[in-house]
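The structure under discussion appears below in the form of structure tokens.
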Amino acid sequence: MKTTVADLCVAMNEIAPVRFAEEWDNPGLLVGDTNAPVKKIMLALDLMPEVAQQAVDAKVDMIITHHPLYFKLPKTLAMTDIKMYSIYELIKHNIAAYAAHTNLDAAKGGVNDVLAKKLGLTNVRTVEEEGREQGIPRFGTLKEPMQLEEFALKVKKVLHCDGVAYTDGGQPVHKVVVVGGGGVSYLNKALEEGADTLVTADVKFHPAQDALNLGMNLIDAGHQTSESPVLDYLEAVIAKWAAENKRKIEIVRAEEEQILHHV
């Protein structure tokens, strides 16, 4: 059976409903013809120039990423930056681009459920947020409490980080809230939920101070490394959808460069 870009958009909206996205976000189909056929998909966290080139070289029909290429669409289509160059390349080669961002963060089975599972959390539940149909953070517990440094090393190992940063709130790790990517704004929410530890990324100095003053452990696992595991989930659910609907689709993964390194 022929599969089109529109078919994949419908499937992705079932996996990560666009209505779950934050208002400032820009998920969904960003480039492409909805009627175009799709036989080969590439998955990536970001649509960096090298990923776009890999898609061209691999002759894929569609790229599905976590982060949108643009959060705020430009006022001109002139080739004024490297992102617009990538869009031109995709259009020239009839490659569609789709993004599932904060909607995939919130979705059941998405970024934060995957992260919670990777870290060995049990009794995982969604943290409800006022005004949102589906909350983004996940709350879970460790089977046995761990010392903070021991847990931080576990985070580093299972997420394949080259380093993690942490703030010691002065208590063992047992009740944990996870927010893949930049989620330090959920610090007070984690405290309200009764968590002793927040695992997230993009932590700056003053929020770390706040965590210390609140007696909350805070672990910065890195933006890229805390979100990358969701690609395994995406590959699995898209492959399952294809099999159940008798669609022949090849799924490949982009080779993405590590953005931030620690020395």
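The values are calculated or read from the model by the stated rules, or taken from the named source; none is laboratory data. Quick caveat, the model's predicted, so the values are computed rather than measured. Quick reminder, even Gly has a Cβ in these numbers, built from the backbone with ideal geometry, and neighbours come from all protein chains shown. Side chains are part of the model used for accessible areas, which takes the heavy atoms of the whole protein and leaves out ligands, DNA and RNA. Shrake-Rupley method; radii C 1.70, N 1.55, O 1.52, S 1.80 Å.
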Inset, instruction - For T225, state whether it is within 21 Å of H101 (Cα to Cα) and touching a His at 6+ places or on another chain (Cβ under 7 Å). - result: yes
Legend entry - Single match in N188, N213, N217 (criterion: at pLDDT 95 or above, in contact with a Leu (Cβ under 9 Å, 6 or more places away or on another chain) and over 21 Å from E150 (Cα atoms)): N188
Inset, instruction - Can you tell me which residue among V230, V178 is in contact with a His (Cβ under 7 Å, 6 or more places away or on another chain), within 19 Å of V158 (Cβ to Cβ) and β-branched (V, I, T)? - result: V230
Legend entry - Unique match (being in contact with a strand residue (DSSP E or B) (Cβ under 9 Å, 6 or more places away or on another chain) and free of Cβ contacts under 8 Å to residues at least 24 places away in the same chain) among L153, L198, L231: L198
Legend entry - Residues satisfying the stated conditions in segment 120-145, i.e. part of a strand (DSSP E or B) and either open to solvent by less than 30 Å² (accessible area, probe 1.4 Å) or hydroxyl-bearing (S, T, Y) (or both): T122, T126, R138, F139, G140, T141, L142
Inset, instruction - Could you list all residues from segment 19-51 that are acidic (D, E), open to solvent by 30 Å² or more (accessible area, probe 1.4 Å) and either part of a loop (DSSP other than H, G, I, E, B) or touching a helix residue (DSSP H, G or I) at 6+ places or on another chain (Cβ under 9 Å) (or both)? - result: E22, E23, D33, D46
Inset, instruction - Given the conditions (1) out of contact with any Asp or Glu (no Cβ under 9 Å at 6 or more places or on another chain); (2) crowded, with 20+ Cβ neighbours inside 10 Å, report the number of the one that L148 does not fulfil. - result: (1)
Inset, instruction - Select from segment 85-105 the residues that are of a type in the set (S, T, N, Q) and surrounded by 21 or more Cβ atoms within 10 Å (Cβ to Cβ) and write down the one among them that is nearest to Q224 (Cα to Cα). - result: T102
Inset, instruction - Out of G140, G110, G131, G135, report the one residue that is closer than 18 Å to Y186 by Cβ and at pLDDT below 95. - result: G131
Inset, instruction - Report, by residue number, each residue of segment 160-188 that is within 20 Å of L104 (Cα to Cα) and assigned to a helix (DSSP H, G or I). - result: V184, S185, Y186
Legend entry - Tally, over segment 106-119, of residues that are surrounded by 15 or more Cβ atoms within 10 Å (Cβ to Cβ) and either more than 18 Å from V10 (Cα to Cα) or basic (K, R) (or both): 9
Inset, instruction - Select the strands (runs of 3 or more DSSP E) contained entirely in segment 189-263, then report the ones holding at least 1 residues which are open to solvent by less than 20 Å² (accessible area, probe 1.4 Å). - result: 197-201, 217-220
Inset, instruction - Taking only segment 81-119 into account, find how many residues are of a type outside the set (D, E, K, R) and outside any helix (DSSP H, G or I). - result: 13
Legend entry - Every pair of residues 6+ apart whose Cβ atoms lie under 8 Å, when the first sits in segment 57-81 and is farther than 19 Å from L45 by Cα while the second is open to solvent by 100 Å² or more (accessible area, probe 1.4 Å) and part of a loop (DSSP other than H, G, I, E, B): P74/T80
